[in-house]
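Trainee: Let me give you the structure first, and then I'll get to my questions.
The values are calculated or read from the model by the stated rules, or taken from the named source; none is laboratory data. Because the structure is a prediction, the values reported are computed rather than measured. A quick note on method: Cβ atoms are made from the backbone with ideal geometry, for glycine too, and the neighbour counts reach across all protein chains shown. When the accessible area is computed, the model is the full protein with side chains, heavy atoms only, and any ligands, DNA or RNA have been set aside. Shrake-Rupley method; radii C 1.70, N 1.55, O 1.52, S 1.80 Å.
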Amino acid sequence: MTSLPFDSLYRHGFARVAVAVPPVRVADPDYNAEQTLALARQAAEQHAVLTVFPELGLSCYTADDLFHQDALQYAVDAALERVVAESAGIDSVLVVGAPVRAQGRLFNCGIVIDRGRVLGAVPKSYLPNYREFYEKRQFAAARENLDDHLTLAGQRVPFGADLLFVASNLDKFVFYVEICEDGWVPLPPSGFAALAGATVLVNLSASNIVVGKADYRRQLCASHSARNIAAYLYSAAGNGESTTDLAWDGQAVICENGDLLAEGERFADHAQLVTADVDLPRLAADRLRMTSFADNVHDHRERLARLRRVEVELPVPSGPVELAREIPRFPYVPANPAVRNERCAEVHHIQVEGLCTRLAATGSKRVVIGVSGGLDSTVALIVAVKTMDRLGLPRSNVLAYTMPGFATSTRTLNDARRLMRALGVSAHEIDIRPSATQMLKDLNHPAAEGVPQYDVTYENVQAGERTSHLFRLANQQQALVLGTGDLSELALGWCTFGVGDHMAHYSVNASVPKTLIKYLIAWAVDTGELGPEADEVLSSILATEISPELVPTENGASDGDSAQPGQSSEATVGPYELQDLHLYFLLRFGYLPSRVAYLAHRAWVDRDRGRWPDLIPEADRHEYDLPTIKHWLAEFLRRFVQTSQFKRSTLPNAPKVGSGGSLSPRGDWRAPSDAVATAWLDELDRNVPDK
């Protein structure tokens, strides 16, 4: 689909689908066809390539014994012919419900129509005949079918519950039709269709409404989509169905892989059209990685082989189509404050559980940690404190050391001192400048003689000195060194190999991205459990520039006399809020770089400034245009694919905290250290415009 414009959702694997609920009149097919066509045209105007209508929508569901009247069937046949004929000018594949007479029986069918052609008819497999349902009185089930074809609207078409509709011009778009009760049985037909490759599952329904049923339907659709790693489109009969004994709410739902994408208004007295943009590559990525899905396919291969495939060329628009789906700017940070607080609490408890278990397994009762006054060491220190609380050990068993170097600012040094004091840990301070200077002298480095040569050696001497002290202190105190490095830094290689924040006896932040680190601190403040003194210093840490503090400020300030950090991490490796988004899409799904750039651009285009998490001040709320995204994505790809894997291959143990993934070589990410990023960078350069 690279022939499509870059700003078309279809170029990047999305597909807009629609669920339609028209008003109906009982046993009035001509009126029902008119309403169906009106909604179909609306769906086409909104660039939906597939539009789904309710069960028996051309006749209505509640005709009861009128289904056996020739007059009604002739009117339905005429209405269907009209829909087929007029669909020639409608750029959307339609799935409509109608009773179909064939082989001396009456079948409840979903009929697939594509611009004047009937692609196939799917009979209902499971007919409910309990409580308020008496479908076996009128209809035959799919298993009673004797022929795999029938004639509809003058066309000889495939007939059966074994039809997969495969798009020839939109990769990974395969849809399957089932009808109402089919989705309520223990083994729905759509499950086997998903194993056979269907990514979009369609349910034409006429489920009546009773108290609590809407929630159950919603859960059912979401669970079907999650279990089958698919999209699930559900259209229920609504206004106009007979209320002799039942009522109807017209529930319209679109789910994807467990998520509710869209839902219409229930009990509406007007036509409803609900659309959503389904992410086909996301579904494909999850199926590709889930080996048990493939095993399940193998176990049912004989049944799956019997499914028939009907090719369809979807009416994909040739021009730009803007993505209507929201792409979260912060995929690791829930936008809803209540959900975010739950997420932070869960992450914190996982971190504490990991450290508790490691201390118990090693027999250690103390931890050694370096405290810089920055974000990462603050979160690790809080975890260490809460671990001691949980184990019933004194907080003094947390041996905390702040170690000022050549570029440590007064702000971070003071915050480190205040935080250690507020949390009641054993607070220590070691000036590493003398030992670092000695090493620089041993290396004949110009900086040892006062020459301002601030190179990698200069930086890593300081990082190495800190780590050397921490490990020897741990030996001395029979303690474990607690690592502080986070997921974002590991992805970018923004850590000093073998020393610094790369190495420890055990880490707690290794699968926590930088964008979430801030919220863990903010959540700790919100809980108030650490006390007002700690909350005050935590607020100061949140407002401090992210910096390794290894290079003095431009004016030469050093020796702790700079009020603020003079070095910016994000100026070198890129904005963490943007790089974390890139990381999520690449680590979790393995998307093409051009798709990552497209999604990042959709996330960061300034449509609604209210989508910013509340922790980010107005002055710090940036917008990123496509060239900026392309630049930082290229930087991310070079670092992630090519230059940093050797660091990740030797990571210490650390608990995985989220489904977004970790970079542990023993878990989510195993990659060669000598790979090159050419394929990624070339694809990005070829397929993402520079402006």
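Trainee: With unit charges on the beta carbon (Lys/Arg positive, Asp/Glu negative), name the residue among 2, 407, 304 whose Cα is farthest towards the positive pole of the charge dipole of the chain.
Mentor: 304
Trainee: Can you tell me which of 282-292, 235-245 comes out highest on packing, and rank the rest after it, using the mean Cβ neighbours within 10 Å?
Mentor: Ranked from most to least packed, the peptides come out as 235-245, 282-292.
Trainee: Still on this structure, I have one more. With the crude spin-label approximation of a point 7 Å out along Cα→Cβ, what separation in nm comes out for residue 674 versus residue 336?
Mentor: Going from the residue 674 label point to the residue 336 one covers 5.0 nm.
Trainee: Find which of 201, 598, 316 sits farthest along the positive direction of the dipole of the chain, computed with +1 on the beta-carbon of Lys and Arg, -1 on that of Asp and Glu, about the Cα centre.
Mentor: 201
Trainee: Size of the dipole of the range 315-360 about the Cα centre, Lys and Arg at +1 and Asp and Glu at -1 on the beta carbon, nothing else charged, in debye to 20?
Mentor: So the dipole magnitude of the range 315-360 works out to roughly 100 debye.
Trainee: Report relative contact order for the chain in percent, whole number only (criteria: Cα-Cα under 8 Å, sequence separation at least 6).
Mentor: Numbers: 1418 pairs, mean separation 78.6, N = 691.
11 percent.
Trainee: Shifting gears a bit: For the chain, which whole-number percentage of the solvent-accessible area (1.4 Å probe, protein heavy atoms only) is attributable to carbon and sulfur atoms?
Mentor: Ligands and nucleic acids excluded, carbon and sulfur give 50 percent.
Trainee: Right, something else. What shape does the range 71-204 have by the C-alpha gyration tensor, where a ≥ b ≥ c are the square roots of the eigenvalues, rounded means a/c under 1.5, and otherwise prolate means a/b greater than b/c and oblate the rest?
Mentor: oblate
Trainee: What does the accessible area per residue of the chain come to in Å², with a 1.4 Å probe and no ligands, DNA or RNA counted?
Mentor: 40
Trainee: About the Cα centre of the chain, what is the dipole size in debye to 20, counting +1 per Lys and Arg Cβ and -1 per Asp and Glu Cβ, all else neutral?
Mentor: With Lys and Arg at +1 and Asp and Glu at -1, about 1760 debye.
Trainee: Between 0 and 90 degrees, rounded to the nearest ten: what's the tilt of helix 70-86 against the longest Cα principal axis of the chain?
Mentor: 50
Trainee: To the nearest 10 degrees, how steep is helix 626-637 against the longest Cα principal axis of the chain, on a 0 to 90 scale?
Mentor: Roughly 60 degrees between the two axes.
Trainee: Per-residue counts of other Cβ atoms within 10 Å, averaged by peptide: what ranking do you get for 671-677, 201-207, highest first?
Mentor: Working: 671-677: 12.9, 201-207: 28.4.
The peptides rank, most packed first, as 201-207, 671-677.
Trainee: To make sure I understand the rule: partners must be lysines, Cα under 17 Å from the Cα of residue 124, and not fewer than 8 residues away in the same chain. Which ones qualify?
Mentor: Partners found: 136.
Trainee: Within straight cross-link reach of residue 691, meaning Cα distance under 16 Å, which lysines are found once same-chain residues fewer than 8 apart are removed?
Mentor: Partners found: 630.
Trainee: Once a ≥ b ≥ c are taken as the square roots of the eigenvalues of the Cα gyration tensor of the chain, is the result rounded (a/c under 1.5), prolate (a/b larger than b/c) or oblate (a/b not larger than b/c)?
Mentor: It is prolate, given that a/c is not under 1.5 and a/b is the larger ratio.
Trainee: May I ask for the distance between the Cα centers of the range 410-482 and the range 245-312, given as a whole number of Å?
Mentor: Between the Cα centres of the range 410-482 and the range 245-312 lies a distance of 56 Å.
Trainee: Moving on. As a test of the formula, what do you get for the chain when each DSSP H run with n ≥ 4 contributes -39,500 (n - 2.57) and the sum is divided by the residue count, at 222 nm and rounded to the nearest 500 deg cm²/dmol?
Mentor: Values: 21 runs with 257 residues, N = 691.
Calculated from helices alone, the mean residue ellipticity at 222 nm is -11500 deg cm²/dmol.
Trainee: Sticking with this one: With all protein chains present, calculate the accessible area of residue 115 using a 1.4 Å probe and round the result to the nearest 10 Å².
Mentor: 80
Trainee: Find out how many positive minus negative residues lie around residue 197, taking Lys and Arg as positive, Asp and Glu as negative, among other residues whose Cβ is under 10 Å from that of residue 197.
Mentor: +3
Trainee: If you don't mind, another one. What does the highest-first list of 294-300, 520-526, 430-436, 407-413 look like by mean Cβ count within 10 Å? Mind dumping the intermediate values first?
Mentor: Details: 294-300: 12.1, 520-526: 18.9, 430-436: 17.1, 407-413: 22.7.
Output ranking for 294-300, 520-526, 430-436, 407-413: 407-413, 520-526, 430-436, 294-300.
Trainee: Report, in debye and to the nearest 20, how large the dipole of the range 1-47 comes out about its Cα centre when Lys and Arg carry +1 and Asp and Glu carry -1 on their Cβ.
Mentor: Here the range 1-47 has a charge dipole of around 200 debye.
Trainee: Find which of 624, 511, 159 sits farthest along the positive direction of the dipole of the chain, computed with +1 on the beta-carbon of Lys and Arg, -1 on that of Asp and Glu, about the Cα centre.
Mentor: Ranked along the dipole, the leading option is 511.
Trainee: Simple spin-label model, 7 Å along Cα-to-Cβ: residue 357 to residue 138 in nm?
Mentor: So the label points at residue 357 and residue 138 sit 5.7 nm apart.
Trainee: Something else about it: According to the square roots a ≥ b ≥ c of the eigenvalues of the Cα gyration tensor, what is the shape class of the range 401-445, taking rounded for a/c under 1.5, prolate for a/b larger than b/c otherwise, and oblate for the remainder?
Mentor: oblate
Trainee: Taking R0 as 41 Å, what's the FRET efficiency between residue 211 and residue 306 from their Cβ-Cβ distance, rounded to 0.05?
Mentor: 0.50
Trainee: Then there's this: Quick check: the distance between the Cα centres of the range 143-165 and the range 329-382, to the nearest angstrom?
Mentor: If we compute the Cα centre of each part, the gap is 58 Å.
Trainee: Where both residues lie in the chain, what percent of DSSP beta bridges are antiparallel, nearest 5?
Mentor: 50
Trainee: How high is the FRET efficiency from residue 457 to residue 682, r the C-beta distance, R0 41 Å, rounded to 0.05?
Mentor: Once the sixth-power term is evaluated, E becomes 0.75.
Trainee: Could you calculate the FRET efficiency of residue 291 with residue 71 from 1/(1 + (r/R0)^6), where r is the beta carbon distance between them and R0 is 56 Å, rounded to 0.05?
Mentor: Details: r = 56 Å, r/R0 = 0.99.
My answer for the efficiency is 0.50.
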